[in-house]
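Working notes, structure below.
The values are calculated or read from the model by the stated rules, or taken from the named source; none is laboratory data. Keep in mind it's a predicted model, so treat the numbers as computed, not measured. We place every Cβ from the backbone using ideal geometry, glycine too, and count neighbours over all the protein chains shown. Heads up: the accessible areas ignore ligands, DNA and RNA and are worked out on the full protein's heavy atoms, side chains in. Shrake-Rupley method; radii C 1.70, N 1.55, O 1.52, S 1.80 Å.
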Amino acid sequence: MTKFTFNFLNQLFPEFSGDIQEEVQIQEIYTDSRKSVSQGLFVPIIGERFNGHDFVLQAIDKGAVAVIWQKDQPFPENKPDSIPFFLVDDSLTALQELAQAYRNKINPTVIGITGSNGKTTTKEIISSSLKPFYQVSKTEGNLNNLIGMPLSILAMPQNTEVLVLEMGMNQFGEIARLSEIAQPDISVITNIGESHIEYLGSRKGISQAKLEIVEGMKKSGLVIVDGDEPLLNVTLSQQMLTCGFANELNYVVSQIEQHDDQTTFMINEMPVSIPLLGSHQAKNSAYALAVGRALEIPEREMVQTLADLTLPGMRFEQIETESGAFLINDAYNASATSMKASIDVVKNMKQQNKVLVLGDIFELGEHLEAEHKKVGASIDSDITALITIGDASRFIHEGLSDNFKGYKTHVRSNEDASSLIKPYLKNDSVILFKASRGMQLEKIIDELMN
């Protein structure tokens, strides 16, 4: 699917080497030289341990018809003159400038989503619920950083009406830059947790970094926030809407009931049912309802689309084993807040045996011990067994509630954990797997299922 022509590129990047045929079409923009493409624009990125410029000939062999080229990099031997190299001072900056230009060319309504926890799930909820009403494009996976988000923008089809973008960060200034590129019309801040506190110093620092999302917004924009979070009780130039559980908010979530395969609740006295579990998902659904109203979708129609949601894997994905046990793959990522939320969901499930398999939470810095102990404090007599894996997760045991009387143990590796989990693979058991992404707990699930 055509994105733009060489002429569009030449207007942005007037310096070039090679042959330009202005009407040649670009169908895909990419940074991985190993990927096979058709009519591709290759953008080589320089990282700490790699330089994409070294692989440009491989990219051309795989289908690149044009290249963004950083001026301080020597051209490869046997550079083909038939392939135009658009010359720039910095290839990453050029990728971001190209994404911004393409965003303005298509001019969709842009919804930016950030937050410490739940931003990927909220992105999926919002994009899924809007699809019956608009041509929607969204961030695929978690391409939410200064490389991934521009690629997400450049991947949207030309008929896109609504673009839903996830924005992540681990340093001050990153969300501001992402917002400048994306220029959101509507921004959602899901919550303020502990993720990246190692780099941002405190939850207040995290809130300041998340609020950078307004930097690229017009004053006529809309900001939707977690109204239960005092750190988001701020005054902005844009209109603000609040969602949460407190009675004074714009979208009040109440009367939450968790069932086997759904959660029911009220939002401003309107009954809502979603095929997801947990009160945190009810709040995420409130963000979607607020976005829908801003896009002039009737609330009752939005509620119907929320009832039909599906989410990608490794986000509270329930897997039934041959023995009748349920494994919950929630191993995509973790913070203390999200881990506690998942534990609360397990507590309310119908199975008699409730087993937690928890791994390390990363990027906590000096808060590492305290945050893991917070998780422990949420584990009580509702839980049958606790198996922790890694290094820092041992502190979960030190924070355990006094009324936890179940089995508990700590091991250093996934391999050590598998044999301890197998006795719980029986009917009437539910086993939660939750940790930061680098722990790769899904490998345990794969082993148990094979």
* Asked: In sequence order, what are the phi-derived ³J(HN,Hα) couplings for region 230-237 according to the Karplus relation 6.51 cos²θ - 1.76 cosθ + 1.60 with θ = phi - 60°, rounded to whole Hz, with x for glycine and proline?
  -> x, 5, 9, 7, 10, 9, 10, 5
* For residue 123, list the aspartates and glutamates whose Cα falls under 17 Å from its own Cα; do not include residues on the same chain fewer than 8 positions away. => 140, 161, 166, 185, 226, 308, 317, 330
* Asked: Just from its helices, what would the mean residue ellipticity at 222 nm be for the chain, if runs of 4 or more DSSP H residues each count -39500 (n - 2.57) and the sum is divided by every residue, rounded to the nearest 500 deg cm²/dmol?
  -> -8500 deg cm²/dmol
* To do: Identify all aspartates and glutamates with a Cα-Cα distance to residue 62 below 14 Å; exclude those on the same chain that are fewer than 8 residues away in sequence.
  => 28, 32
* Just flag the trypsin sites (Lys or Arg not before Pro) in region 198-231 sitting in loop per DSSP whose Cβ has no more than 13 other Cβ atoms within 10 Å. => 218, 219
* Structure fact -> Rounded to whole angstrom, the alpha-carbon centroid of region 337-358 lies from that of region 85-123 at a distance of 36 Å
* **region 366-404 and region 169-208: distance between their alpha carbon centers, rounded to Å** => 27 Å
* To do: Between beta-carbons, use under 10 Å as the cut-off and find the net charge around residue 397, counting Lys and Arg +1, Asp and Glu -1.
  => +2
* Structure fact -> The set of residues whose placed amide H lies less than 5 Å from the amide H of residue 194, leaving out same-chain residues fewer than 5 positions away, is 336, 337
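Quick one: if you take sqrt(5λ) for each eigenvalue of the C-alpha gyration tensor of region 1-112, what semi-axes come out, biggest first, whole angstrom? Don't jump to the answer; show the numbers that get you there.
Working: eigenvalues 90, 52, 39 Å².
The three semi-axes for region 1-112 are 21, 16, 14 Å.
For the chain, which whole percent of the accessible surface, found with a 1.4 angstrom probe, sits on carbon and sulfur atoms? Spell out each step's value before the answer.
Values: 8330 of 19100 Å².
C and S fraction of accessible area: 44 percent.
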* Asked: Beyond 28 Å, what share of the Cα-Cα pairs of region 278-419 remains, rounded to the nearest whole percent?
  -> 28 percent
* If packing is taken as the mean number of other Cβ atoms within 10 Å per residue, what is the order of 133-141, 116-124, highest first? -> 116-124, 133-141
* Using a 1.4 Å probe, what is the accessible area per residue for the chain, in Å²? -> 42 Å²
* Give the value in nm², to one decimal: projected area of the alpha carbon convex hull of region 373-440, averaged over all directions. => 4.6 nm²
* Asked: Once phi is turned into ³J(HN,Hα) by the Karplus curve 6.51 cos²θ - 1.76 cosθ + 1.60 with θ = phi - 60°, what whole-Hz value does each residue of region 56-71 show in order, with x for glycine and proline?
  -> 5, 5, 5, 4, 5, 4, 8, x, 5, 10, 7, 9, 7, 10, 6, 4
* Filter on 35/138; 347/405; 373/405; 119/350; 105/131; 204/340 - keep pairs with C-alpha separation over 19 Å -> 35/138; 119/350; 105/131; 204/340
* Kindly give the semi-axes, whole Å and largest first, of the ellipsoid equivalent to the chain, taking each as the square root of 5 times a Cα gyration tensor eigenvalue. => 41, 27, 20
* To do: Could you calculate the FRET efficiency of residue 321 with residue 254 from 1/(1 + (r/R0)^6), where r is the beta carbon distance between them and R0 is 35 Å, rounded to 0.05?
  => 0.45
* Charge sum, other residues only, whose C-beta stays under 15 Å from residue 16's C-beta, Lys/Arg counted +1 and Asp/Glu -1 -> -3
